[in-house]
1. How many of the residues making up segment 103-150 are in a loop (DSSP other than H, G, I, E, B) and in contact with a Ser or Thr (Cβ under 7 Å, 6 or more places away or on another chain)?
2. Note down all Cβ pairs under 6 Å where the first residue falls in segment 35-46 and is assigned to a helix (DSSP H, G or I), the second is of a type in the set (Val, Ile, Thr), and they're at least six residues apart or on different chains.
3. In the set Gly327, Gly294, which member is under 24 Å from the mean Cα position of the chain (by Cα), in contact (Cβ under 8 Å) with a residue 12 or more places away in the chain and closer than 23 Å to Thr237 by Cβ?
4. Please go through segment 419-434 and give me each residue that is part of a helix (DSSP H, G or I) and in contact with a Ser or Thr (Cβ under 7 Å, 6 or more places away or on another chain), ordered by number.
5. With the structure loaded, tell me whether Leu281 is under 22 Å from Lys247 (Cα atoms) and not aromatic (Phe, Trp, Tyr) or whether it fails that test.
6. For segment 463-488, name all the residues that are over 23 Å from Leu372 (Cβ atoms) and in contact with an Asp or Glu (Cβ under 8 Å, 6 or more places away or on another chain).
7. Starting from segment 49-72, take each residue that is touching a residue at least 60 places away in the same chain (Cβ under 8 Å) and list its partners that are surrounded by fewer than 20 Cβ atoms within 10 Å (Cβ to Cβ) and assigned to a helix (DSSP H, G or I), counting only C-beta distances under 7 angstrom and pairs at least six apart or across chains.
8. Could you say which residue among Val78, Val58 is in contact with a helix residue (DSSP H, G or I) (Cβ under 8 Å, 6 or more places away or on another chain), among the hydrophobic types (A, V, I, L, M, F, W, C), over 24 Å from Gln124 (Cα atoms) and buried (at least 21 other Cβ atoms within 10 Å of the Cβ)?
Amino acid sequence: MNATCPSRNAATPRLRGADVLLRALEAEGVRTVFGYPGGAIMPVYDALVDSPIRHILVRHEQAAALAANGHARASGEVGVCLATSGPGATNLVTGIADAYLDSVPMVAITGQVPTHLMGTDAFQEVDIFGITLPIVKHSWVIRDPQEIARTVREAFRIAREGRPGPVLIDLPKDIAVAEVDWQDPGPAPAPAPRPVDRTAVQRARTLIQQSRRPLLYTGYGVGVAGAEAALRALVETTGIPVVSTLKGLGGLPTDHPRFLGMLGMHGSRAANLSVQECDLLICVGARFDDRATGKLAEFAPHAKVVHLDADAAEISKLRYAHVHLVGPLAELLPQLDCRPQIEDWQALCARRRAEAQPRYDAPGEDIYAPALLRRMSELAPPDTVIACDVGQHQMWVAQHCIHRTIRQHLTSGGLGTMGFGLPAAMGVAIGMEGRPVICVTGDGSIMMNIQELATLRRYGVPVKIVLLDNSALGMVRQWQELFFAERYSEIDLSDNPDFAAVARAFGIEALSIDRRDQVEHGLRTLLASQGPFLLHVRIDPKANVWPLVPPNAPNHQMLDAPTSSRP
């Protein structure tokens with residue numbers, strides 16, 4: 001036992017603020033935190049020596065926030081990350097913003113200079129409270145050590161409640177070392193139940209019953225609310241076809257006959273055309289994001305809207321809702337059960353779904369990324385979590401992998417954070433031991449947090465990495481090709497390192513492939529490996545993601561691959 005730390009079994013527990021913090025985290029069920037030490041947070045790291053909480057030392061604070069973020073998305077628990085003051089705190093900002101835009105419950109704890117130095121431009125002092133105000137649900141600077149336990153309890157309540165999101169606790173160093181009497185803050189107050197608007201339910205049911213071309217438009221809120229079973233039951237009884245946002249994939253399994261695909265910029269033709277022709281759009285846990293709607297003024301132009309969400313602020317924010325229901329989605333969805341007469345619409349949607357099925361028989365010997373990802377998805381265990389980075393590979397994963405539940409597909413939606421994939425996958429694998437986890441990344445994204453290969457090696461985290469290397473910032477290159485007259489600017493990554501050699505230098509097994517006849521062996525070797533493994537896949541630098549809705553265009557005006565390059 002650390003000599004400076006009071007015994008956890010003392011008759012009258014008088015503890016340092018740092019010890020109180022950890023006891024409060026333990027009381028919230030926290031088992032793992034991700035972080036990086038430094039001066040102002042050092043008392044907390046000293047207290048960790050005597051705590052059952054497992055600390056994972058990442059190699060950059062951004063990775064701590066993204067690992068906590070990924071763990072929370074996959075598990076439904078609150079993710080926790082730690083950093084010191086100054087640059088430690090500011091390095092968390094991207095991960096906090098990512099969690100805020102994607103409604104992920106997370107508690108970020110930062111050290112701060114002692115209270116008597118705050119406001120004096122002390123060494124490693126920044127106003128992280130002020131910096132993060134726009135990207136947290138709530139934040140605290142603790143100035144009284146007696147408030148630590150209560151603040152932690154409140155922080156977890158707010159992070160979880162309603163529409164989840166990140167919160168920040170800033171802990172000055174003198175508060176962390178001050179001694180206080182331990183007092184259990186008691187249970188957090190239960191949220192008051194929100195009464196169901198029975199009139200609105202009846203109006204929604206009437207609209208559904210009267211519609212001839214209804215469509216369910218589902219988002220990540222379905223997963224946050226634990227409402228997948230309710231959604232699937234509603235689809236089975238009503239027969240209403242479904243489209244999904246990027247982060248909503250898996251709410252209805254993507255191989256379900258009623259699922260038409262992802263909608264929006266890189267959505268399927270079946271999904272986008274059906275949205276444009278529906279007469280009733282039932283939006284469930286989605287927010288009419290610009291990447292989903294395209295030109296908003298021409299989105300679903302013939303449709304009335306029924307909007308279900310946990311967050312009242314989303315109602316009619318971007319598209320007027322003729323009927324709205326605010327509350328727990330798992331409770332609201334069963335109340336919409338009815339039997340609309342939509343046989344002709346179902347047949348049309350089914351025909352479109354069949355016609356929109358991708359082909360994987362691309363010509364040539366080069367590796368065709370969509371086919372590789374589809375095969376990866378088929379070979380991987382059914383409970384595999386795929387954590388994806390941002391770029392062309394992100395869209396290929398969305399379009400071509402099999403998504404069975406929302407929490408099995410982790411991707412940075414609102415912020416589009418390059419570098420998300422590796423630490424997020426790490427957070428899942430560490431927090432949900434035994435769960436198969438694959439990180440799909442690109443040669444641009446992997447370099448944003450490649451130092452976390454060292455974390456994988458240190459803890460033996462068995463993340464499987466599929467790195468698609470096109471020697472370019474692929475999505476930017478595609479836009480420059482299509483919309484900037486092929487004036488390519490700063491997208492060339494042809495001086496990439498040998499990524500397999502880099503992985504081996506970190507002590508991680510790796511394999512490189514560049515021909516189609518190597519794909520099966522490469523994937524099976526990856527999936528059969530016992531520890532972390534990197535499969536480096538070289539692909540055509542000119543490969544594009546199709547279809548594509550051009551900027552400021554309605555979703556039905558999709559561009560497709562030139563005939564000469566289609567499978």
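1. Final tally of qualifying residues: 7.
2. Pro43/Val177
3. Gly327
4. Across segment 419-434, the qualifying residues are Gly421, Leu422, Met426, Ile430, Gly431.
5. Against the criterion (under 22 Å from Lys247 (Cα atoms) and not aromatic (Phe, Trp, Tyr)), Leu281 qualifies.
6. Gln480, Tyr488 - these are the residues of segment 463-488 that are over 23 Å from Leu372 (Cβ atoms) and in contact with an Asp or Glu (Cβ under 8 Å, 6 or more places away or on another chain).
7. Ile56/Tyr459; Arg59/Gln451; Arg59/Ala454; His60/Gln451
8. Of the residues listed, the single one that is in contact with a helix residue (DSSP H, G or I) (Cβ under 8 Å, 6 or more places away or on another chain), among the hydrophobic types (A, V, I, L, M, F, W, C), over 24 Å from Gln124 (Cα atoms) and buried (at least 21 other Cβ atoms within 10 Å of the Cβ) is Val78.
The values are calculated or read from the model by the stated rules, or taken from the named source; none is laboratory data. Keep in mind that what you see is a predicted model, and the values were worked out from it rather than measured. Reconstructed Cβ throughout: ideal geometry from the backbone, glycine too, with neighbour counts over all protein chains shown.
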